[in-house]
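What follows is a short report on a single structure.
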Amino acid sequence: MSVNKDRGFMIYQRETPPEQPVEERIKHWHEFTLRLPADKLQQQACRCMNCGVPFCHSGCPLGNFIPDFNRAMQDDDWELAIQILHSTNNFPEFTGRVCPAPCEPACCLGVTDPPVTIKNNERAIADRAIADGRIRPNPPKHETGKCVAIVGSGPAGLAAAQQLRRAGHRVTVYERSDVPGGLLVYGIPDFKLDKHLVQRRIEQLEAEGVVFQCNAWVGRDIDPNDLVEKYDAVLLTVGSTKPRDLNIPGRELGGIHFAMEFLTQQNRRVAGRPNPENEITAQGKAVVILGGGDTGADCHGTSIRQGARSVRSVELLPRPPEGTNPATPWPMWPNILRTSSSHQEGGERLWSVLTKEFIGENGHVKKIIAVRLQWSDPDANGTRTFKEIPGSQFELEADLVLLALGFEHPEDDIPQQLGLKRDPRGNIAADYVGPAAFKTSREKVFAAGDARRGQSLVVWAIHEGREAARAVDLFLQGRTLLPSIFSFGYEGAAPELVKP
Ligand SMILES: Cc1cc2nc3c(=O)[nH]c(=O)nc-3n(C[C@H](O)[C@H](O)[C@H](O)COP(=O)(O)OP(=O)(O)OC[C@H]3O[C@@H](n4cnc5c(N)ncnc54)[C@H](O)[C@@H]3O)c2cc1C
Ligand code: SF4
């Protein structure tokens, strides 16, 4: 099929893949986004204007070469497309599914028209590479004789492991869970990210020579100081796992759980792995989810699939504006109302609501007392304050409450045992750029991902894992060929990946 590569943005409309209808997809736990046919995908790639200054680059934390992979798609060169993607992103099939795509609001076409479908193009390239058997192990051609321990196997740990192994170091990943993958496996629901995709990458890393030690809790079963002694470098990618609590009257009642207990159990159930007795389930219950971020949305969709009687997501913040927001113009990430696929599936969302008290019966939560809030306009620093609206108190039926209020910082065990400095928010302190990038206050110990930057996104975790791997390689060898977003172009990418 011939496509118009030069004026595609004037001819083709933005088109995203169809999704299974709600009533079908809530009956199962699989992904529900369908695929666009190859000709439509090519048309979507042709909407890219190959701008002289592609602002989408600055939107993507990985610095993905977006116009370049769009061009390869236009040319039907799927091998080159995946090579370009892999030169900046170890796991495009993850970001192609769960990334909020900050690149798209930065797309130049978005100034006048709907932006290029960058995220879906990325996903299509990755899926095509999997289907065509192009995701193969790429073991190092030489060994450096150095060894690195990575603690934590989320996207930051996995990306760092792959980069460091490809640089020729021996890499062992310590993971306290029974399987590697971090929140990719035991956080993000299966309906957003199929776990076979994570498993496929673990197998690729193992074939490249990365060793995974699961059920290995550093700080409890393994002294982190022993790792520092035994290895040439230690990288901490333990995530930001300490959940934020809500200490209001009634918090001790049964039926009030942290979101991650609930979500992890469901992911284990789908995988056929055992759960503790007294499993948490939303079936037949009135569910109230406190907190409106990604975690809250995942609880919302999971509760609907489990057969909850009602699902309500309660948010302290005011409802953002719909469509556009003059406070966050192009190419900024817009602060606008986002409706996740889970929110489209049913239930209710409440905004500007403060939870005051949990009321119970026989030791189990039965309802929530809440009050409506009046938010001020932003002050000169952009800060908004709220006050309770007098007489606005109301009750919500609740026999399962899920706390999705975010995460404070990494757990204390490893930082305490290693005597590491923390930043003012409690994360492991380490610079982001410069000569001390990713180095903690302890010699030989590095930190990256949510453990360093605080709770964030998969795309940022992969970015930090890659950059930290480069910092570790530099520390170990005094030089590095690993690529960095801070050295633009294909510099540092393996020469065979660069098409002349
Ligand atoms: C429910 C939920 C949904 C999300 N959805 C999205 C989404 O749709 N899109 C998106 O971009 N981001 C999403 N995020 C955020 C994203 O998952 C994280 O930002 C990302 O996973 C952070 O990666 P990481 O490698 O730094 O840490 P993690 O993924 O948290 O991995 C840390 C790993 O370290 C292990 N570990 C911790 N302590 C120890 C120890 N002492 N010893 C050994 N191992 C240890 C943990 O078991 C875990 O496997 C979501 C987060 C949550 C909680
Ligand atoms: S990783 Fe995310 S931000 Fe980067 S190109 Fe892909 S969708 Fe866009």
Subject >> Matching residues in the stretch 121-147 - criterion: being within 16 Å of ligand 1 (Cβ to nearest atom) and over 18 Å from Ser87 (Cα atoms) >> reply: none
Original post:
How many of the residues in the stretch 247-269 are of a type in the set (A, V, I, L, M, F, W, C), farther than 25 Å from Ser153 by Cβ and surrounded by 15 or more Cβ atoms within 10 Å (Cβ to Cβ)?
Top reply: 2
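So that you can scan it fast, the table gives a plain yes or no per residue for (1) closer than 30 Å to Gly254 by Cα; (2) assigned by TED's automatic domain parsing to the domain that holds Cys299; (3) of a type in the set (S, T, N, Q):
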| residue | (1), (2), (3) |
| --- | --- |
| Ile389 | yes, yes, no |
| Ala398 | yes, yes, no |
| Gly426 | yes, no, no |
| Ser441 | no, no, yes |
| Val445 | no, no, no |
| Phe475 | no, no, no |
Original post:
What number goes with the only condition from (1) near ligand 2 (Cβ under 8 Å from one of its atoms); (2) under 28 Å from Asn138 (Cβ atoms); (3) over 16 Å from the mean Cα position of the chain (by Cα) that Asn70 does not pass?
Top reply: (1)
Subject >> Residue in the stretch 422-435 that is modelled with pLDDT of 95 or more, within 30 Å of Cys299 (Cα to Cα) and surrounded by 19 or more Cβ atoms within 10 Å (Cβ to Cβ) present >> reply: yes
Original post:
Restricting the stretch 333-380 to residues that are in contact with a His (Cβ under 8 Å, 6 or more places away or on another chain) and not polar (S, T, N, Q), which is nearest to Cys99 (Cα to Cα)?
Top reply: His343
Original post:
If Pro334 passes every condition in (1) surrounded by 14 or more Cβ atoms within 10 Å (Cβ to Cβ); (2) more than 24 Å from Val459 (Cα to Cα) but one, which one does it miss?
Top reply: (2)
Original post:
farther than 20 Å from Phe486 by Cα, within 16 Å of ligand 1 (Cβ to nearest atom) and crowded, with 24+ Cβ neighbours inside 10 Å: does that describe Cys99?
Top reply: yes
Subject >> Selection count, the stretch 359-384, where residues are β-branched (Val, Ile, Thr), surrounded by 11 or more Cβ atoms within 10 Å (Cβ to Cβ) and modelled with pLDDT under 95 >> reply: 0
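The values are calculated or read from the model by the stated rules, or taken from the named source; none is laboratory data. Values in this document were obtained by computation on a predicted structure and should not be read as measured data. Neighbour counts are summed over all protein chains in view; Cβ atoms, including those assigned to glycine, are modelled from backbone coordinates with ideal geometry.
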